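The values are calculated or read from the model by the stated rules, or taken from the named source; none is laboratory data. The structure presented is a predicted model; accordingly, all values stated were derived computationally and were not measured. Here the Cβ is made from the backbone with ideal geometry for all residues, glycine too, and neighbour counts use every protein chain on show. Please note that ligands, DNA and RNA were not included when accessible areas were found on the heavy atoms of the full protein model with its side chains. Shrake-Rupley method; radii C 1.70, N 1.55, O 1.52, S 1.80 Å.
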Amino acid sequence: MAAVTADQTTQGTAGTADEAEAGRLAAFDATVAADDRIEPRDWMPDAYRASLIRQMAQHAHSEIIGMQPEANWISRAPSLRRKAILMAKVQDEAGHGLYLYSAAETLGTSREELLDKLHAGRQRYSSIFNYPTLTWADVGAIGWLVDGAAITNQVPLCRCSYGPYARAMVRICKEESFHQRQGYELLLALSRGTPAQHEMAQDAVNRWWWPSLMMFGPPDDASAHSAQSMAWRIKRHSNDELRRRFVDICVPQAQALGLTLPDPDIRWNEELGQHDYGEIDWTEFQEVLKGNGPCNEQRLTQRRTAHENGAWVREAAAAYADKHAARAGTAGTAAQPVEATA
Ligand code: 3HC
């Protein structure tokens, strides 16, 4: 019998390793194709993991940075009812950030690492939150348009192939739906109010409309990640598909509000069965992404300051958790439950 050479042994091992890798990839592809979920302990391609961390981190960062422009109006809300609603909404956004950081942690990263990257400008957050909230009507426009765009983009993410992200999105979308309605109702009240209130509502819609369309990301032919993300079923629709769907939703809602959308080119396209709309200023979008939007610097500075100011809370929480873990560690051996005596 011929002896197996060292070279042959190496080739044999490599062959087995390659086959195992191919088998894992085939199982991953089959799970995605069957519309089942990939779970944290399942094998997944490195690039899938990295792309999910990228998108989920950007999403989580957007939720917590998005608290800033609206929190700006909590102390100036025109009634107790409006203040209570706005506080609840801003708290919801913090919760969304926490669900998403937790979901991202299942991929092997940590919240600390993601926040460090955000603070260092190495991870993005949504372009939309780099615009200022100049009047009370902006709170309504954010609810109607920004949360409306977020829902249009995020409902399909409830069917994302990665289980923890998909499940987080179910709850987030329910809450976003409340946010969208409160914005719509606020704008309706202003639109039907005095001429000055109506004008304030229209001005807010004029300023928030185009940035809201930019939330969906660059046009399909300039979207670096869409094709692969759709093949992996992270994304279910392209940026342009969702943007157009959003325009279709907004046109009749604007009519019902008695407000106009600041785009003379919006018109029904009989052939497509959808609305056409005007040219988006992609230079403005790119400038905001580069950090040159009206509020980029303010938002990041405030975020870093809030993080530094919260250091003592994190330290105290960690010390408290350690103390309880230490107690729990000894409880099984030494401490026995003691019955209360009368
Ligand atoms: N703002 C900032 N960056 C954006 C962006 C936007 N509106 N749209 C795209 N980008 C970035 C991408 O992150 C990517 O950057 P990178 O290569 O450096 O990572 C680059 O532009 C190219 O864009 P792609 O189209 O290739 O990127 P994606 O395929 O990831 O699509 C997306 C972009 C549609 C935003 C997608 O990531 C997505 O659906 N994300 C989840 C939803 C999300 O993050 N929403 C943010 C708003 S959250 C929110 O609105 C809170 C609510 O309370 C209102």
Loop sites in region 245-321: GluC sites (Glu not before Pro), DSSP, at most 15 other Cβ within 10 Å
270, 271, 279
How far, in degrees from 0 to 90, does helix 163-191 lean away from the longest principal axis of the Cα atoms of the chain, to the nearest 10?
10 degrees
At q = 0.20, 0.26, 0.32 1/Å the base-10 log of I(q)/I(0) from the Debye formula over the alpha-carbon atoms of region 66-120 is -0.75, -0.95, -1.17
Bin all alpha-carbon pair distances of region 6-100 at 10 Å intervals from 0 and give each bin's fraction as a whole percent.
13, 25, 20, 16, 13, 7, 4, 2, 0
Quick check: convex hull over the Cα atoms of region 119-264, volume per residue in Å³, rounded to an integer?
123 Å³
Per residue accessible area of the chain, 1.4 Å probe, in Å²
53 Å²
Size of region 202-342 along its principal axes in angstrom, Cα-based, largest extent first?
79, 39, 33
Per 10 Å bin, what is the whole-percent P(r) computed from every C-alpha pair distance within region 46-138?
16, 42, 26, 13, 2, 0
Give the Debye-formula value of log10 I(q)/I(0) at each listed q (0.06, 0.10, 0.13 Å⁻¹), with one equal scatterer per alpha carbon of the chain, two decimals each.
-0.30, -0.71, -1.06
GluC sites (Glu not before Pro) lying in DSSP loop within region 81-134, provided at most 13 other Cβ fall within 10 Å
none
The helix 239-257 Cα axis meets the longest alpha-carbon principal axis of the chain at an angle in degrees, between 0 and 90 and rounded to 10, of 30 degrees
Using a Cα-Cα cut-off of under 16 Å, which aspartates and glutamates could be cross-linked to residue 83, ignoring same-chain neighbours fewer than 8 residues away?
70, 92, 93, 138, 185
